[in-house]
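Visitor: Structure incoming, see below.
The values are calculated or read from the model by the stated rules, or taken from the named source; none is laboratory data. Keep in mind that what you see is a predicted model, and the values were worked out from it rather than measured. Methodologically, a virtual Cβ is constructed for each residue, glycine included, from the backbone with ideal geometry; neighbour enumeration extends over all protein chains shown.
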């Protein structure tokens with residue numbers, strides 16, 4: 001309450017000080033002094049130091065003399081005095097603001113205005129600042145060593161600026177990719193959470209190459225062989241010299257196959273090293289369209305692109321809402337599980353880790369059994 | 001700002017951090033040492049950061065978000081929050097935002113944004129001085145400026161004309177800074193993505 005009153009008085013002082021009304025500056029000084037005494041009396045001592053007062057008196061005196069010389073002595077006195085009072089008010093209000101408007105009040109104000117993302121960007125900037133200062137120092141030293149001088153020349157500054165800006169640009173990409181890989185939805189656009197009753201979800205997880213896709217394939221085969229309708233898609237990877245060179249899409253129902261992604265490091269899309277092909281997305285849409293009733297949905301794999309509402313997400317969301325599957329099997333990276341389960345509104349979840357389970361397909365089938373119809377499987 | 005991914009926001013944050021670091025170190029130093037045209041130097045650095053971020057990851061509202069980030073970082077400046085520089089930073093960001101919104105992410109927008117951003121510094125300074133000293137002092141300064149202009153051979157000059165001349169001169173420098181920033185941003189894009 002006291003703080004609010006002090007800030008209201010300080011704001012009123014700033015407003016009244018600049019009115020074209022002769023008592024205005026006096027009233028403003030009164031309000032500013034009251035604000036400081038109410039909130040922090042030390043602000044007056046800090047603001048009106050001897051050096052500051054001498055400077056203000058000199059500036060006001062010069063202004064007064066100039067106006068007196070140009071118009072009349074009383075006009076000069078009035079002008080000099082008004083300026084003196086206005087500057088005293090500004091100095092006190094600035095002193096109060098400098099001490100009490102901190103980063104926390106800034107963040108609160110942004111949140112109150114509905115600008116939480118700007119608040120997050122501010123936090124990110126605060127963390128990035130020391131790193132950038134360090135990068136600037138390193139670039140400076142590297143250039144000095146290369147030039148064999150203690151300090152680089154002035155004409156080297158554009159090259160230094162380019163280096164630092166390129167470093168910042170790479171940091172932008174790395175930060176965005178790191179946020180996406182951790183399933184952070186705070187700074188990116190997020191698709192709406194899928195409302196309604198969620199089916200049983202079995203998550204197949206594990207690092208790249210742990211056998212998630214073969215497990216999903218074996219599981220889909222076992223379900224189909226047991227008479228349980230299955231729909232969805234698999235994304236078998238292509239390996240070249242121990243590196244993932246791309247991946248295809250396979251429609252579980254028809255067995256149709258199409259190219260989805262191929263590695264093109266420099267031209268990668270969506271923050272990945274892969275270029276995506278529309279025919280792959282089209283086949284995935286087809287695999288998820290017109291699903292059978294009471295089927296098991298298999299989606300192998302969805303990732304950061306889908307977390308932003310892109311890639312396969314619209315088709316998966318449509319199938320989730322329209323088909324009402326009896327259960328769903330999703331292959332996900334471990335760090336994305338909470339984000340996806342939140343997005344799907346899933347509550348009944350079993351996680352099968354392909355790295356820990358010797359037979360992940362059998363473990364997933366066992367996890368699915370409460371949702372499957374009785375009978376031979 | 002509703003980019004396809006978080007890059008527009010992370011660009012606002014990281015390039016804002018770069019500009020903010022310059023403001024709290026070099027800006028504070030120039031201000032404390034009362035270096036002439038220190039404001040123009042800092043505004044130029046701001047334009048370089050604003051233009052580079054916009055050219056790398058164009059998204060409406062990004063420049064304004066970056067202005068808010070730098071204003072936030074200014075809280076950590078020596079001597080705490082300084083109202084004048086914060087208003088100046090937000091005005092520069094708004095000028096660049098309006099230029100890119102109106103003309104698209106192109107060289108003319110960078111030049112217009114640079115001109116408006118740099119011209120805003122002396123415009124604010126003059127407005128602030130006029131408010132502090134009062135109308136009588138402004139009249140005296142006007143008269144003195146007209147006399148000085150007449151002595152220099154510019155007869156019939158009005159105070160508005162003189163202020164416009166000063167602001168325009170800074171704006172021309174700003175347009176040059178905007179063009180240079182655009183070129184530098186192009187080189188950064190080429191370096192990061194392997195093409196211009």
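Visitor: Of all residues being over 26 Å from residue B:135 (Cβ atoms), within 14 Å of chain B (Cβ to nearest Cβ) and part of a loop (DSSP other than H, G, I, E, B) in the stretch A:19-59, which is farthest from the chain's Cα centre (by Cα)? Just the residue, please.
Guide: Among those that are over 26 Å from residue B:135 (Cβ atoms), within 14 Å of chain B (Cβ to nearest Cβ) and part of a loop (DSSP other than H, G, I, E, B), it is A:49.
Visitor: Looking only at the stretch A:70-89, count every residue that is at the interface with chain B (Cβ under 7 Å from one of its Cβ atoms), assigned to a helix (DSSP H, G or I) and more than 14 Å from residue A:59 (Cα to Cα) and tell me the total.
Guide: So in the stretch A:70-89, the residues at the interface with chain B (Cβ under 7 Å from one of its Cβ atoms) come out as A:70-71, A:75, A:79, A:82-83, A:86-87.
Among the residues that remain, those that are also assigned to a helix (DSSP H, G or I) are: A:70, A:75, A:79, A:82-83, A:86-87.
Cutting the leftovers down to more than 14 Å from residue A:59 (Cα to Cα) gives us A:70, A:75.
Of the residues in that region, 2 qualify.
Visitor: Is it true that residue A:43 is at pLDDT 85 or above and closer than 23 Å to residue A:24 by Cα?
Guide: Working: at pLDDT 85 or above: no; closer than 23 Å to residue A:24 by Cα: yes.
Against the criterion (at pLDDT 85 or above and closer than 23 Å to residue A:24 by Cα), residue A:43 does not qualify.
Visitor: Just need a number here: residues in the stretch A:209-265 that are buried (at least 23 other Cβ atoms within 10 Å of the Cβ) and over 22 Å from residue A:360 (Cα atoms).
Guide: The number of residues fulfilling the criteria is 2.
Visitor: Right, next: Considering only residues that are more than 14 Å from residue A:87 (Cα to Cα) and either assigned to a loop (DSSP other than H, G, I, E, B) or at pLDDT 85 or above (or both), which ones fall in the stretch A:7-18?
Guide: Just the residues of the stretch A:7-18 that are more than 14 Å from residue A:87 (Cα to Cα), to begin with: A:7-9, A:11-12.
Hits for the stretch A:7-18 are A:8, A:9, A:11, A:12.
Visitor: Residue by residue through the stretch A:111-133, note down the ones that are at the interface with chain B (Cβ under 10 Å from one of its Cβ atoms), without any contact (Cβ under 8 Å) to a residue 24 or more places away in the chain and assigned to a helix (DSSP H, G or I).
Guide: Correct list: A:118, A:119, A:122, A:123, A:125, A:126, A:127, A:129, A:130, A:133.
Visitor: Kindly indicate which of B:93, B:130, B:150 is within 13 Å of another protein chain (Cβ to nearest Cβ) and either free of Cβ contacts under 8 Å to residues at least 12 places away in the same chain or more than 11 Å from the chain's Cα centre (by Cα) (or both). Outline the logic, then answer.
Guide: Details: B:93 fails: either free of Cβ contacts under 8 Å to residues at least 12 places away in the same chain or more than 11 Å from the chain's Cα centre (by Cα) (or both); B:150 fails: within 13 Å of another protein chain (Cβ to nearest Cβ).
Of B:93, B:130, B:150, the one residue that is within 13 Å of another protein chain (Cβ to nearest Cβ) and either free of Cβ contacts under 8 Å to residues at least 12 places away in the same chain or more than 11 Å from the chain's Cα centre (by Cα) (or both) is B:130.
Visitor: Please state which one of B:37, B:26, B:50 is modelled with pLDDT under 85, at negative phi and within 16 Å of the chain's Cα centre (by Cα). So that I can check it myself, show each step before the final result.
Guide: Numbers: B:37 fails: at negative phi; B:50 fails: modelled with pLDDT under 85.
The match here is B:26.
Visitor: Looking only at the stretch B:68-89, filter to residues that are more than 13 Å from residue B:20 (Cβ to Cβ) and more than 8 Å from chain A (Cβ to nearest Cβ); which one of those is modelled with the lowest pLDDT?
Guide: B:78
Visitor: Then there's this: Taking residue B:65 as the residue in question, decide whether it is touching a helix residue (DSSP H, G or I) at 6+ places or on another chain (Cβ under 9 Å), within 9 Å of another protein chain (Cβ to nearest Cβ) and under 23 Å from residue B:188 (Cα atoms). Spell out how you get there, then give the answer.
Guide: On the way: touching a helix residue (DSSP H, G or I) at 6+ places or on another chain (Cβ under 9 Å): yes; within 9 Å of another protein chain (Cβ to nearest Cβ): yes; under 23 Å from residue B:188 (Cα atoms): yes.
Taking the combined requirement at face value, the residue satisfies it.
Visitor: Further question: Could you please let me know if residue A:98 is within 11 Å of chain B (Cβ to nearest Cβ), modelled with pLDDT under 85 and farther than 17 Å from residue B:141 by Cβ? Step through it out loud before you land on a result.
Guide: Numbers: within 11 Å of chain B (Cβ to nearest Cβ): yes; modelled with pLDDT under 85: yes; farther than 17 Å from residue B:141 by Cβ: yes.
The answer is yes for residue A:98.
Visitor: Only one of these conditions is not met by residue B:122: (1) more than 14 Å from chain A (Cβ to nearest Cβ); (2) without any contact (Cβ under 8 Å) to a residue 40 or more places away in the chain; (3) assigned to a helix (DSSP H, G or I); (4) within 30 Å of residue A:76 (Cβ to Cβ). Which number is it?
Guide: Every condition holds for residue B:122 apart from (2).
Visitor: Would you be able to tell me the number of residues in the stretch B:165-195 that are more than 13 Å from chain A (Cβ to nearest Cβ) and more than 17 Å from the chain's Cα centre (by Cα)? Steps first, please.
Guide: If we filter the stretch B:165-195 for residues that are more than 13 Å from chain A (Cβ to nearest Cβ), which is where we start, we get B:165-176, B:178-179.
Subset that is more than 17 Å from the chain's Cα centre (by Cα): B:165.
Number of matching residues: 1.
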